[in-house]
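Below: the structure, in structure tokens.
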Amino acid sequence: MSQTDQLKSDIDELVPDLIAMRRDLHEHPELAFEEVRTSGIVEQRLRTMGLEVQTGIAKTGVVGLLRGGASKPGAKTIALRADMDALPIHEMNEIAYRSTIDGKMHACGHDGHTSILLAVADLLHKRRDELPGNVKFVFQPAEERIGGAEPMIKEGAMQNVDGIIGLHLISDYPLGRVGVRSGPVFASAERFSMTVKGKGGHAAMPETTVDPIVISAYIVTALQTLISRETSPFSPAVITIGNIKAGTAFNIIPESAEMHGTMRAFNKDHRHKLIRRITEIAQGIATSMGGSCVVDVIDGCPPCVNDENITELVRDAAILTVGEKEVDGSEDVMTAGSDDMACFLEAVPGCYFIVGAKNEAKGANYPHHHPRFNIDEDALPIGVEVLTRAAMDFLKE
Ligand SMILES: [Zn+2]
Ligand SMILES: [Zn+2]
């Protein structure tokens, strides 16, 4: 049996366990920084394999280190990352392994990511004698709240790591397809709030007031010119105000207005420029109209930017897994969604790729974060194979 066939048949053997694990995690979803049961399962599995395990990193994160038996001094270490958290959504799927917890659900596929990485750990552990380097398995809490990756890095998760690879299962990307692209793939994300202060009064006597609603309307419109007039048509970016609150009655000009929005961009400089300009425009307009505006930019996440060399390696691994025709390097791989894998990719070079999990026939065609979200579980072994191959190739080089 060739090495390729051996890996494929080893994976075939693991599939029942892989699916059982994913379903177990799906039934027991845990929110950001509360992944106690999940990380306990991860810890126990990694310990059973004899890995060096660290727990309690960034509260509920787990790291397992597998030392390759064929490592020489100076051997490389590749990190593989999976996120573990679920979402505050009430599951509406009628499935045997439906969430058992009201109001909580794995509606983004992180149950799949965690089970995939456990299977990869198993496969690489079985091959440890031949591994010319080390593998660090990084199980991250709190991706959805954009908050787990950064503290893990601060607590040393990326120390002595030479590269990192991770994947996201995607429910609106066809099963059997793998998307691998160098450069930016997931956008940065900023949440911002604006408080526009004016001067309240009678709606019939606007000259005695400073109307924060009119000021807000100008700000909303002007913010869009940051995209249409200050952004290159070749650099995608998004600014959305999703929430405005002001006023109590039709005949009162209120004292203040509040707005909340998000901003997305695909490169660092563009991101920082837009953050600065959002603030300047909002404050400039408010001041020029006699009011003021306090802008708060919170919960930032950088864009996911893939390293060219590691991406090439993942691409080759994907070709061996699903065939060249099904490996996609087009712009379809990009999303204006964000993922704090970005923090790991800022710390060390790496690649974040996507694995298609859409299959209408199985009801796996709802968007991420939807109460009917699901994945086609046939995507799980594909993820396992690509990650395993890419990790082995990285260490070989
Ligand atoms: Zn998500
Ligand atoms: Zn996700």
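The values are calculated or read from the model by the stated rules, or taken from the named source; none is laboratory data. Just so it is clear, the model here is predicted, and its values are computed rather than measured. Reconstructed Cβ throughout: ideal geometry from the backbone, glycine too, with neighbour counts over all protein chains shown. Accessible surface is based on the protein model in full, side chains and every heavy atom, while ligands, DNA and RNA are left aside. Shrake-Rupley method; radii C 1.70, N 1.55, O 1.52, S 1.80 Å.
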Worksheet item: Size of the dipole of the chain about the Cα centre, Lys and Arg at +1 and Asp and Glu at -1 on the beta carbon, nothing else charged, in debye to 20?
Response: 740
Fill in: Estimated FRET transfer efficiency when R0 is 25 angstrom, pair residue 325-residue 17 (beta carbons, to 0.05)
0.25
Worksheet item: Computed over the Cα atoms of region 83-191, what is the ratio Rg over Rh, Rh following Kirkwood?
Response: 0.99
Worksheet item: How long, wide and thick is the chain, going by the Cα atoms along their three principal axes, in whole angstroms, largest first?
Response: 85, 44, 41
Practice prompt. Name the aspartates and glutamates eligible as straight-distance cross-link partners of residue 72: C-alpha to C-alpha under 20 Å, and not fewer than 8 places from it in the same chain.
Written response: 52, 129, 130, 162, 393, 397
Response to the item:
Cα-based Rg then Dmax for region 21-168, in Å, read 15.5, 53
Worksheet entry | For region 31-73, alpha-carbon Rg relative to the globular expectation (2.2 N^0.38 Å, N residues) | 1.34
Worksheet entry | region 91-144 versus region 59-76: alpha-carbon centroid distance in Å | 19
Discussion item. Run the simple label-point estimate for residue 222 and residue 94 please: 7 Å along Cα→C-beta, distance reported in nm.
Written reply: 5.4
Discussion item. Checking the a/c ratio against 1.5 first, then a/b against b/c, what shape does the Cα gyration tensor give for region 5-83?
Written reply: oblate
Worksheet item: Which value, in nm² and rounded to one decimal, describes the direction-averaged projected area of the C-alpha convex hull of region 156-261?
Response: 12.2
Worksheet item: Taking all protein chains as present, what is the carbon and sulfur share of the accessible area of region 114-189, in % to the nearest whole number, probe 1.4 Å?
Response: 43
Worksheet item: So for the chain: antiparallel DSSP bridges make up what percent, rounded to the nearest 5?
Response: 65
Discussion item. Straight-line reach only, C-alpha to C-alpha below 18 angstrom: list the lysines that residue 126 could link to, leaving out same-chain residues fewer than 8 apart.
Written reply: 8, 136, 396
Worksheet item: Taking Cα atoms, how many degrees apart are the long axis of helix 379-396 and the longest axis of the chain, rounded to 10 and kept between 0 and 90?
Response: 70
Fill in: For region 265-315: span of alpha carbons on each principal axis (Å, largest first)
57, 17, 11
Item to complete: Per DSSP H run of n ≥ 4, the term is -39500 (n - 2.57); total these for the chain, divide by its residue number, and report the mean residue ellipticity at 222 nm rounded to 500 deg cm²/dmol.
Response: -11500 deg cm²/dmol
Practice prompt. Return an integer: the convex hull volume of the alpha-carbon atoms of region 320-382, in Å³ per residue.
Written response: 131
Worksheet item: Put a dot 7 Å past each Cα toward the Cβ at residue 232 and residue 154; how far apart are the dots in nm?
Response: 3.4
Worksheet entry | Angle between the chain longest axis and helix 3-27 axis [Cα atoms, degrees, rounded to 10] | 50
Worksheet item: In angstroms, what radius of gyration and Dmax does region 73-118 have, counting Cα atoms only?
Response: 15.4, 53
Practice prompt. Relative to the longest principal axis of the C-alpha atoms of the chain, give the angle of the C-alpha long axis of helix 268-288, reported between 0 and 90° and rounded to the nearest 10°.
Written response: 20
Worksheet entry | Tail fraction, Cα-Cα pairs, region 110-164, threshold 19 Å, whole percent | 40
Practice prompt. Identify all lysines with a Cα-Cα distance to residue 199 below 18 Å; exclude those on the same chain that are fewer than 8 residues away in sequence.
Written response: 245
Worksheet item: How long is region 227-355 along each principal axis, judged by its Cα atoms, biggest number first, in Å?
Response: 67, 27, 27
Practice prompt. Quantify, in whole percent, the carbon and sulfur part of the accessible surface of region 294-383 (1.4 Å probe; protein heavy atoms only).
Written response: 45
Worksheet item: So what is the accessible area of the chain per residue, in Å², with the probe set to 1.4 Å?
Response: 43
